[in-house]
Structures are given as structure tokens and as C-alpha cells.
Amino acid sequence: MNPPAGTRPSFGQRLRGFGAYIGKSLRRWHLYLGVFFTPMLLFFVLSGWYQVGFPDRLKNPGDAETFLQKMRVVHTDQIYPGDTERSRPSSPRGFQWMVYVMSGAMVATTLIGVWLAFRTLRRTAPVWVALVLGLAVPIALLALGRKG
């Protein structure tokens, strides 16, 4: 509700307006960071899946011959292996910093996404159930897979 003309909005009205601005701003950051880092996240998810499914690790990044082997080297050593890898090794520094930034952004956008889930839905019980199951199912699968 808007205040009558010529009067100032109350502190509560200003605070609600500020809260709406913060929510809109967080949704926008969530969207842009998510879209920007999607290619790298997909790369790490797919190359990680490949490593779990095919655990043959190369002894030296220079041994990578196929495209999938080279993607594995990017995932594990943060370099794209070239022909001169043994005589002149590549530096992973730039890519490592990009991964650090991506990891921080992933944590931030995940927390924003959870916050948005709680703020968007009237009933928060399904959000709580999904959050608890997202923690409990992987722990249970690891525990079931233990031997001894």
C-alpha cells in the first residue's frame, strides 16, 4: 500500500522495498553466475563421470592421446596436454584460479538457490525434505558400500 501523497513512507515500508530489491538482485546474480559457469560445471561433471566409469589414470599428462584422455588431464591436472608436455610442462595457474572462482560462485549460487526455494514456496516442508534427502542419500549409499 502506498502512503498518501506528500507523506514519507514508514520505516517498515522502506524496509520491505529494500528486501524486494535485495531479492531481485540475488535472483539476477543467481541467474548470471549460473549461466556463466554452466559450461565449466558440465565439463567437470562429465569428465568426473568418465573418471569414475573408466578409472585408468595416465602416468604422465603427455601420454594423453585421445580427446577423452586429454579432457581427463584437464580435469585432474588443470592443463591441456600438448606434444611438448614432457620437455616443457604447461602451467595450471590460470585455470586453477578460474576453478577457484567457479567453486566460490557455485557455493554462492547454490545457497542463493536454497534461499530462493524457501522464499518462493508457501509450504517449505518439501524444500526441507529435498534438502535432508540430498544429504542423507549420498551418506547412506557410501555407508552401504563400505566393506567390513
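For Gln78, the amide hydrogen comes within under 5 Å of no other amide hydrogen, counting only partners 5 or more places away or on other chains and with H modelled in the peptide plane. Extension gain for the segment Ala130 to Met98, taken as residue separation times 0.36 nm less the Cα-Cα distance, is 8.5 nm to one decimal. Note on the chain: helix-only mean residue ellipticity at 222 nm, from DSSP H runs of 4+ residues weighted -39500 (n - 2.57) and normalised by residue number, equals -24500 deg cm²/dmol. Membrane-span-like helices of the chain, defined as complete DSSP H segments with a Cα extent of 24 Å or more along the helix axis and a mean Kyte hydropathy of at least 1.0, are identified as 125-145. Between Ala117 and Trp49, the contour length at 0.36 nm per residue exceeds the alpha carbon distance by 21.7 nm.
When the Kirkwood radius is taken over all Cα pairs of the range 75-121, what Stokes-Einstein diffusion coefficient follows at 10 °C and 1.306 mPa s, in µm²/s? Reported coefficient: 120 µm²/s.
Protection proxy ranking of 57-65, 132-140, by the mean of other Cβ atoms within 10 Å over each peptide's residues and highest first, is 57-65, 132-140. About its Cα centre, the dipole of the chain is roughly 880 debye, where the only charges are +1 on Lys and Arg Cβ and -1 on Asp and Glu Cβ. Look at Ile79, Ile22 and count the other Cβ atoms within 10 Å of each Cβ; fewest to most, that gives Ile22, Ile79.
Every read-out reported here was derived from the displayed coordinates using simple, explicitly stated rules and does not represent laboratory data. Keep in mind it's a predicted model, so treat the numbers as computed, not measured. Cβ: placed from backbone, ideal geometry, glycine included. Neighbour counts: every protein chain shown.
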